[in-house]
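A quick write-up on the structure given underneath.
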Amino acid sequence: MCRYRTGQEMERNRRLAACALLVTLLAGCGQKDASQQAAPPPPAVGVQLAAIKGVARSYEFVGRIQAIGIVALRARVEGFLDKVLFREGQDVKTGDLLYQIEKPPYQALVDQARANVAAAEATAINAELQYNRSLELLKKQFTPQATVDQDKAALDTARAQILQTQAALAQAQINLGYTDIRAPIDGRIGRTAYTQGNLVNAASGVLATIVSQDPIYALFPVSEQQLEDIRQSRKEQNGQQIKIEIVVRFANGEEYPLPGIWNYTDVQVNQQTDTQLMRATLPNPDRQLTDGQYVTVVVRERKEQPRLVVPQAAMQIDQAGSYVLIVDSADKVELRRVTLGPNQGTDVVVASGLKEGDRVIVDGVQKVRPDQTVKVTVLPASSGN
């Protein structure tokens, strides 16, 4: 009985030992798998180096083209239109005859006024002779002083009548001149509101409008902050200012080829929008710019300046502002807050936060986090501007 129990115990002990060995082996395999999962290979990222490039800083605004001169032609005297001497839409020069109102009635008034002047002059001559005779008779005491005084008054009246008739003649000549309506400025004339044979006068309204073409203005509002940024960015270390130019871009994205100059800043700030109105003058020889046209106005430096740039693909934004992820010398990811300047093609100017040569992550940004070790591949810099 004792032997039987001893054999069972030995068999049971062998089985327990085998189970313990199996558990040990399984535990070792589990530890090996856990060790392999806890140390995955570092994620791969592509980086580009922050580089110094020649950049012409620019600022964009919504603007409107405005003619320097706009003149609405009106009739200043009444009469029938004898001639319309222009083609709608043509360019005109200062002094070109555009409309002609019938002249005979006004020419007759000029002739009448000229005759009145001649009559007044004759009357004055006769009054002067009469006064001189009376004055001689008074010296010989052959006529009373009262007669001399009356003749003197008649002479003064005759002379005043000359001045009055001369003024009437001048007015008649002016009215005759108003029958010719001429271009007061160079420009392009629009549609005529009246054709030959129509009666026109001062109440007829605008006959046609002349709009100057070359040069032409571009007006655009600039916020106070933007204006201060432009002023600060133009300052050089030697105290001088970086020269700028104004270009405009059409609605289809095409850039107008002729740059202009910034020549006026409004003397008041619009209190509703906190902006100041700026004005540039642009050449317009081919009449590509039209009064009232909306354009994008670009204020940019004439020459490129060396500035630090990184690809726009590297930029990230959160509630705290803009940042980039860089890889340090130990191949660990680091978050850098940056202050940005304007875009330059596929790049963006970095005003602060980076230095030349920093390895900025542009590919694989979403796969990594700060302080993580990564596998780095340096990508070639983009050539697009």
- For each of Ile317, Ile230, Ile174, count neighbouring Cβ atoms within 10 Å of the residue's Cβ, then give the residues from fewest to most. Ile317, Ile174, Ile230
- Task: Rounded to the nearest Å, what's the spacing between the alpha carbon centres of region 299-348 and region 70-109? Just the number, please.
- Result: 63 Å
- Note on the structure: Counting only DSSP loop positions in region 249-313, the trypsin sites (Lys or Arg not before Pro) whose Cβ has at most 11 other Cβ atoms within 10 Å are Arg287, Arg302, Lys303
- Too-long pairs where the Cα-Cα distance tops 22 Å, listed order kept, from Lys53/Lys367; Lys332/Lys367; Lys53/Lys375: Lys53/Lys367; Lys53/Lys375
- Query: Which GluC sites (Glu not before Pro) in region 158-251 pass both tests, a DSSP loop state and at most 15 other beta-carbon atoms within 10 Å?
  - Reply: Glu236
- Item | Compactness relative to 2.2 N^0.38 Å, alpha carbon Rg of the chain | 2.21
- Query: With Cβ to Cβ distances under 12 Å as the rule, what net charge do the other residues near Thr192 carry (K, R +1; D, E -1)?
  - Reply: +2
- Karplus couplings for region 262-268 from phi (6.51 cos²θ - 1.76 cosθ + 1.60, θ = phi - 60°), rounded to Hz, Gly and Pro as x? 7, 10, 7, 10, 4, 7, 10
- Query: Which whole number in µm²/s is D for region 166-284 by Stokes-Einstein, with the Kirkwood Rh taken over Cα pairs at 4 °C and 1.567 mPa s?
  - Reply: 67 µm²/s
- Task: At a Cα cut-off below 20 Å, give the aspartates and glutamates reachable from Lys152, other chains included and same-chain residues fewer than 8 away excluded.
- Result: Glu121, Glu128, Glu136
- Task: With a cut-off of at most 11 other beta carbons within 10 Å, and DSSP calling the residue loop, which trypsin sites (Lys or Arg not before Pro) in region 57-106 qualify? Please list them.
- Result: Arg87, Lys93
- region 70-211: equivalent-ellipsoid semi-axes (sqrt of 5 x gyration tensor eigenvalues, Cα, Å): 52, 13, 10
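Every number here is computed from the coordinates shown, using simple stated rules; none is lab data. The structure presented is a predicted model; accordingly, all values stated were derived computationally and were not measured. All Cβ positions, even for glycine, are placed from backbone atoms using ideal geometry, and neighbour counts span all protein chains on display.
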